[in-house]
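Just passing along the structure, written as structure tokens.
The values are calculated or read from the model by the stated rules, or taken from the named source; none is laboratory data. Note that the structure is predicted; figures quoted are calculated from it, not measured. Here Cβ is always computed from backbone atoms with ideal geometry, including for glycine, and neighbour counts include all displayed protein chains. Heavy atoms of the whole protein, side chains included, go into the accessibility calculation; ligands, DNA and RNA do not. Shrake-Rupley method; radii C 1.70, N 1.55, O 1.52, S 1.80 Å.
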Amino acid sequence: MRNLRYNRKKIIILGLILICLLGLWRFMARNEETFELGHEPYISLYLHQKDETIRIKFEEYLIGAVAAEMPASFEMDALKAQAVCARTYAIKKLLEQKKFPQQADLSDDINSCQAYIDPADFAKANPKHHKELLRRIKKAVEETRGVIMLCNGEPIDALYHSTCGGRTEKAGDVWLKDLPYLNSVVCDYCAQSKHYATVQVFSTQQLKNNIACYSTDDLEIKIIETTASGRVKNLLINNVKLSGEEFRRLLNLPSNWWNFEIKKGKLIINSRGYGHGVGMCQFGANGMAQDGNDYKKILRHYYGHIEFNKISYDVLD
Ligand SMILES: [Zn+2]
């Protein structure tokens, strides 16, 4: 009887210790120190189209992020560069502790975070080769496990875009704030992209439909300011000033890097690249990998003043 009481007391104490440990682990999982403590964290991910939140291991999440953000058929070192970008980008978001809908840590909405595709959805979208493609992405994530980019000891804002068109853009020319690692660099590797050069033709009616201030049949456009890389910063359209970004949105242009000609009342826009042009050029990364550059060399080309670090969450795994 005494033994039984003693054992019961022991079980209760052990139970309490277990509850405390679980609580501590949950607390750690919600805080940035997690990345120093030795366990790969679980994150909560908001899926905006399904309007639901899932719980997933961080490195598993990266497989879905890379699968959604870069063609899986790209070279292995381009996929590895993308994995490091996606990991660094996500870590920065986690450290900011900004909550997404449903109090999630991250979101798959590209307007506020980076894209993610569930492996089952990826298989449906790639019915023929999904196993091989997914195997390649897993390999890229696993072989860069934990690797992130830092500048002055902080994870960088690892922005990337599809195709720069020959030169990337510096952050200050897009978002007003210059960052030492987001400068404009030459890219000789993305000519393979179908977005490298595009031509769009707009009729007067299309312009009237898309641009509110445009109401006359006499079209007059003047580029009044360009960025250091040559992208359009400000323009006048029939004497109304628009930013390059507004104009791009109104006409759904692939980028802000364009020139134009007017022929028979039609506006012809010749664009270069696709996306904001800041950070890593994904097609350029693929071209560099085809040329034999490894993922670190690729990333060092597009991001200046960076160092690599490995998150130590494998210590206790
Ligand atoms: Zn490029």
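Could you sort out which of LYS93/LYS139; LYS131/LYS310; LYS139/LYS310; LYS50/LYS124; LYS138/LYS296 sit more than 20 Å apart by Cα distance in this structure? Spell out each step's value before the answer.
Values: LYS93/LYS139 24 Å; LYS131/LYS310 28 Å; LYS139/LYS310 17 Å; LYS50/LYS124 16 Å; LYS138/LYS296 18 Å.
Too far apart for the 20 Å limit: LYS93/LYS139; LYS131/LYS310.
Mind checking the dipole of the range 193-272: about its Cα centre, +1 per Lys or Arg Cβ, -1 per Asp or Glu Cβ, Debye to the nearest 20?
On the way: 12 positive and 7 negative charges, 54 e Å.
Value, rounded to 20: 260 debye.
Per residue of the range 171-181, in order, report the coupling 6.51 cos²θ - 1.76 cosθ + 1.60 (Karplus, θ = phi - 60°) as ³J(HN,Hα) in whole Hz, putting x for Gly and Pro.
Karplus-based 3J(HN,Hα) across the range 171-181 equals 3, x, 7, 10, 10, 6, 9, 7, 10, x, 9 Hz.
Could you give the radius of gyration (one decimal) and Dmax (whole number) of the Cα atoms in the range 197-272, in Å?
11.4, 33
Let me ask something else. Considering only protein heavy atoms, what per residue accessible area in square angstrom results for the range 197-272 with a 1.4 angstrom probe?
About 56 Å² of surface per residue is accessible.
Test of understanding: what is the full-extension gain from GLU225 to GLU60, defined as 0.36 nm times their sequence separation minus their Cα-Cα distance? Can you show the working numbers first?
On the way: separation 165, 0.36 × 165 = 59.40 nm, distance 4.41 nm.
Residue separation times 0.36 nm, minus the Cα-Cα distance, leaves 55.0 nm.
Same structure, new question: Pulled fully out, how much extra length does the chain show between GLN192 and LYS263, if you take 0.36 nm times their separation in residues and subtract their Cα-Cα distance?
Computed gain between GLN192 and LYS263 is 22.7 nm.
Now, a different point. Got a sec to turn the phi values of the range 258-270 into Karplus ³J(HN,Hα) couplings, 6.51 cos²θ - 1.76 cosθ + 1.60 with θ = phi - 60°, whole Hz, x for Gly and Pro?
Per-residue couplings from phi come out as 7, 10, 9, 9, 10, 10, 6, x, 9, 9, 10, 10, 9 Hz.
Over the range 57-180, average the accessible area per residue using a 1.4 Å probe and give it in Å², no decimals. Write out the running numbers ahead of the final one.
Working: 5280 Å² over 124 residues.
Value returned for the range 57-180: 43 Å² of accessible area per residue.
Tell me which trypsin sites (Lys or Arg not before Pro) from the range 226-317 have a DSSP coil assignment and no more than 16 other beta carbons within 10 Å of their own.
On the way: sites: ARG231, LYS233, LYS241, ARG248, ARG249, LYS263, LYS264, LYS266, ARG272, LYS296, LYS297, ARG300, LYS310; in loops: ARG231, LYS264.
Of the trypsin sites (Lys or Arg not before Pro), the ones in loops of the range 226-317 whose Cβ has at most 16 other Cβ atoms within 10 Å are LYS264.
Hey, got the dipole for the range 153-302? About the Cα centre, +1 on K and R Cβ, -1 on D and E Cβ, debye to the nearest 20? Spell out each step's value before the answer.
On the way: 18 positive and 15 negative charges, 54 e Å.
Dipole size: approximately 260 debye.
Among ASN209, ILE306, GLN282, pick out the residue whose Cα is farthest towards the positive end of the charge dipole of the range 166-317, where Lys and Arg carry +1 and Asp and Glu carry -1 on C-beta, about the Cα centre.
It is ASN209.
Something else: Quote to one decimal, in nm, the extra length available between ASP51 and VAL199 on full extension: 0.36 nm per residue of separation minus the C-alpha distance between them. List each step's numbers first, then the result.
On the way: separation 148, 0.36 × 148 = 53.28 nm, distance 3.72 nm.
Here the segment from ASP51 to VAL199 would lengthen by 49.6 nm.
For the range 79-214, give the magnitude of the charge dipole about the Cα centre (Cβ charges: +1 Lys/Arg, -1 Asp/Glu; no others), in debye to the nearest 20.
Numbers: 19 positive and 15 negative charges, 86 e Å.
My answer is approximately 420 debye.
Ok, one more. Can you sort GLU75, GLU143 by 1.4 Å-probe accessible area, starting with the largest? Don't jump to the answer; show the numbers that get you there.
Values: GLU75 70, GLU143 95 Å².
Ranked list, largest accessible area first: GLU143, GLU75.
Another question, if that's okay. Nearest 0.05, what FRET efficiency do ASN239 and LYS99 give at R0 = 41 Å with Cβ-Cβ as r? Write down the numbers at each step before the final one.
Numbers: r = 44 Å, r/R0 = 1.08.
The formula returns an efficiency of 0.40 here.
Just report the Cα centroid separation between the range 262-317 and the range 41-115, whole Å.
What the calculation gives is 17 Å, centre to centre.
Top to bottom by accessible area (1.4 Å), largest first, where do TYR274, TYR303 land? Write out the running numbers ahead of the final one.
On the way: TYR274 105, TYR303 0 Å².
If we order TYR274, TYR303 from most to least accessible, we get TYR274, TYR303.
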